[in-house]
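K.L.:
Quick one: the structure is below, questions incoming.
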Amino acid sequence: MENRPPIVEIQNLFKSYRRGNQVLPVLQDITLDIADGEFMAMMGPSGSGKTTLLNLIAGIDRADSGIIRVGGVDITSLSETELAQWRATNVGFIFQFYNLIPVLTAFENVELPLLLTSLSRKERREHVETALRLVNLEDRLDHSPGQLSGGQQQRVAIARAVVTDPAILVADEPTGDLDRVSAEDILELMERLVHDLGKTIVMVTHDPRAANKAHIIKHLDKGVLNEHHQAYH
């Protein structure tokens, strides 16, 4: 595991927010490598900067200074347009509250990221069916989110996250809204994405049970990073 080149390289990253004339430092001098095919969990108290760091890695937010390379691309140097394009093809997003569109079926929700690609309708259908099969929901593709349980909605969201075959998945409290059984189900699915498909997952979580599924747990406290290693499963 150790000799693979890192898929994410972060060097001397700083991020602060301005509130009125106050400057609130959020991340202070973060340097971090994430190996290709790694399952990493980030923990820490509220306001420690976990989601901010996740959003910087995913290209949703911009750093004040420092470098973030993902798959060799320095995303800190991209324009807004280039960053949006990069994000659409390289990052899959999994959120706490699924962020599915209620008026669309499971199939249509998963297809959404593909509408930005040059794939034909037939190719899109094949990709969507593959992604839904991966999360064991191929029999629910015509159901709307309201007809699905929380765990099933999160599986649809994971199918949507992997349908573009991104190198990296970012997950913000992916089990935060689920009961324990559904949470276990989602975590097992995420483990499979890492083991079987070689995905890299960066997950923010408050739940020690969720964090224990990861290979490495990083702790953020007041914008500073500490880590402890897990045994590989």
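Coordinate-derived values only; no laboratory data. All values derive from a computational prediction rather than experimental measurement. Positions of Cβ are generated from backbone atoms using ideal geometry, with glycine treated the same way; all protein chains shown enter the neighbour counts.
K.L.:
Restricting attention to segment 133-233, which trypsin sites (Lys or Arg not before Pro) occupy a DSSP loop and are surrounded by at most 16 other Cβ atoms within 10 Å?
P.N.:
222
K.L.:
Here's something else I'd like to know. So who's got an amide H within less than 5 Å of the one on residue 35, skipping anything under 5 residues away but keeping other chains? H placed 1.01 Å off N, in plane.
P.N.:
Excluding prolines and chain starts, which carry no amide H, the hits are 7.
K.L.:
Between residue 65 and residue 112, what is the spin-label point distance in nm, taking each point 7 Å from the Cα along the Cα→C-beta axis?
P.N.:
That separation, rounded to one decimal, is 3.8 nm.
K.L.:
Report, in listed order, any pair from 15/213; 122/213; 15/218 with a Cα-Cα distance greater than 25 Å. Mind showing how you got there, number by number?
P.N.:
Values: 15/213 29 Å; 122/213 36 Å; 15/218 18 Å.
Among 15/213; 122/213; 15/218, the Cα-Cα distance tops 25 Å for 15/213; 122/213.
K.L.:
Compute the long axis of helix 150-162 from its Cα atoms, compare it with the longest principal axis of the Cα atoms of the chain, and write down the angle in degrees, 0 to 90, nearest 10.
P.N.:
Once rounded, the angle reads 80 degrees.
K.L.:
Relative to the Cα centre, what is the charge dipole magnitude of segment 127-192, using +1 at the beta carbon of each Lys and Arg, -1 at the beta carbon of each Asp and Glu, and rounding to the nearest 20 debye?
P.N.:
I would put it at about 120 debye.
K.L.:
Which shape class, rounded, prolate or oblate, goes with segment 54-160 when its Cα gyration tensor gives a ≥ b ≥ c as root eigenvalues, a/c under 1.5 marks rounded, and past that a/b bigger than b/c marks prolate?
P.N.:
Taking the square roots of the gyration eigenvalues as a ≥ b ≥ c, segment 54-160 is prolate.
K.L.:
Along the charge dipole of the chain, Cβ charges K/R +1 and D/E -1, which of 55, 45, 24 sits furthest on the positive end?
P.N.:
Value computed over the given set: 24.
K.L.:
On alpha carbon coordinates alone, what is the Rg over Rh value for the chain, Rh being the Kirkwood radius?
P.N.:
0.96
K.L.:
Given 10 Å bins starting at zero, what is the percent of C-alpha pairs of segment 12-68 in each, up to the one with the largest pair distance?
P.N.:
The distribution over segment 12-68 is 21, 54, 21, 3, 0, given as percents.
K.L.:
Sticking with this one: Which listed residue (150, 164, 134) has the Cα farthest towards the positive end of the charge dipole for segment 126-171, taking +1 on Lys and Arg C-beta and -1 on Asp and Glu C-beta about the Cα centre?
P.N.:
150
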